[in-house]
Every structure is written in structure tokens, then in C-alpha cells.
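The values are calculated or read from the model by the stated rules, or taken from the named source; none is laboratory data. Note that this is a predicted model, so its numbers are computed, not measured. Please note: Cβ atoms are built from the backbone with ideal geometry, for glycine as well, and neighbour counts cover all protein chains shown.
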Amino acid sequence: MVLSAYYFSLFQPTFNKKTQIVMRLKALVILLLGITITNNVFAAEKPTASHKSVINYYMDSYMNSDYKKLKAVLSEDAVFTSNRDVRVIKHKASDVLNQMKKNEGVIQKDCNISSSIVSETDALVIARVDINYELFDGAQQNFVIIEKDKEGEWKITQVYKVFVTSESEAKKLVSN
């Protein structure tokens, strides 16, 4: 049995103009609703929306050498301060980001990272991010200063990195 195009055209649904307009309006409403929901989801994921998300971005950027994540939560004039023996060394945010670009994608292994809030107000947060290396007898403590800017976004303005050796090593240094 051969079915012709005429036979199929008999069963093709026909819609009047009013039905076509209603269907197009429904499709438009669904499209606009999808766009609105998508925009709200992406707006909620802004890394500077809360100090907790800034801390998470900082930790993730460190563990994965992801300079883009760090850049997203850094103030333009951020300063990184660290100790090297008895000296204090300061770096601009751009210097730190450039160094991270060189090591992009290098994943930190054999270490654990954790964070805690030292102090918190509505405009300023001091967080402590600890990095403990399994193959190193010591730890790195990062005191991260996060401030809310004029736009209401949380940004890292200062990071103090302190390299701490084990208690016995610290006692040896003090006793000398």
C-alpha cells in the first residue's frame, strides 16, 4: 500500500490565526522566563557577592594555580606580604598574578588547605587560610584581609603569608 502526500495532508493539523498567535506568545513567554532564570543563576554565582565565596575562590586559585579566579576576587591595589627568614617582602597583586600565569594549571599536591574567620564586620573580614604540606615540616598561614568596596563587592586587599616551621625549629631560633 503506497501512501500519497495527499493522504498525509488530510491529517495535517490546521490552526486558525488566533491559535497561532497564542502559541507564539506562549513560546515567547517561555523563552523570556528561561533568560530571566539564567541571568539570576549567573548573578548569584558572582565570586565577590560574599566574603565566604571570596575565601573559597582564593583557596581554589591557590590549589589549582588559577590566576583568573584570584584576579576575580582581588582589589586592584592588593598587597601580598610574606616573611623570608628575618626579612619582610611585599608584592603587588599584578606581580603575584603574573607569577601564577607562569604556573597556570599546576595543581598543588601533598597539602591540605583550610580556612577560618578571625574577625568579621559588615565591611571588613580577616580570614586565616592554613596550608599544611605533608612533605614539609611546617605550614603556611595566610591572613587574608577582605573589604567591601563602594559597589558592595567583597575584594581581597591584603594577604599576609607567614611561613611557620615546627615548634622545635621555632624554639631553636629563639634560643640562639
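Considering only the stretch 75-105, state which residues are surrounded by 13 or more Cβ atoms within 10 Å (Cβ to Cβ), in contact (Cβ under 8 Å) with a residue 40 or more places away in the chain and farther than 24 Å from TYR133 by Cβ.
Listed by number, the residues that qualify are SER75, ALA78, VAL79.
One line per residue, one yes/no per condition, for (1) surrounded by 13 or more Cβ atoms within 10 Å (Cβ to Cβ); (2) at pLDDT 85 or above; (3) under 19 Å from the mean Cα position of the chain (by Cα):
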| site | (1), (2), (3) |
| --- | --- |
| ASN142 | yes, yes, yes |
| ILE146 | yes, yes, yes |
| LYS150 | no, yes, no |
| LYS155 | yes, yes, yes |
| VAL159 | yes, yes, yes |
| SER166 | no, no, no |
| LYS172 | no, no, no |
| SER175 | no, no, no |
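Among the residues of the stretch 49-65 satisfying the criterion of being crowded, with 18+ Cβ neighbours inside 10 Å and at pLDDT 90 or above, which is nearest to the chain's Cα centre (by Cα)?
Per the stated criteria, the residue is TYR57.
Inside the stretch 101-112, can you point out the residues that are outside any loop (DSSP other than H, G, I, E, B) and farther than 15 Å from PHE163 by Cβ?
LYS101, LYS102, ASN112
Which one of these does LYS68 not meet: (1) under 18 Å from the mean Cα position of the chain (by Cα); (2) surrounded by fewer than 15 Cβ atoms within 10 Å (Cβ to Cβ); (3) at pLDDT 90 or above; (4) outside any helix (DSSP H, G or I)?
(4)
Per-residue answers, yes or no, for (1) farther than 30 Å from ILE145 by Cα; (2) at pLDDT below 70; (3) touching a His at 6+ places or on another chain (Cβ under 9 Å):
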site	(1), (2), (3)
SER9	yes, yes, no
PRO13	yes, yes, no
GLY34	yes, no, no
PRO47	no, no, no
LEU74	no, no, no
ASP85	no, no, no
ALA93	no, no, no
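Condition first: modelled with pLDDT of 90 or more and among the hydrophobic types (A, V, I, L, M, F, W, C). Now tell me which residues in the stretch 101-123 satisfy that.
Within the stretch 101-123, ILE113, ILE117, VAL118, ALA123 qualify.
Looking only at the stretch 113-140, how many residues end up being part of a loop (DSSP other than H, G, I, E, B) and surrounded by 13 or more Cβ atoms within 10 Å (Cβ to Cβ)?
Total meeting the criteria: 1.
If I go through the stretch 71-100 residue by residue, how many of them are assigned to a strand (DSSP E or B) and among the hydrophobic types (A, V, I, L, M, F, W, C)?
Of the residues in the stretch 71-100, 6 are assigned to a strand (DSSP E or B) and among the hydrophobic types (A, V, I, L, M, F, W, C).
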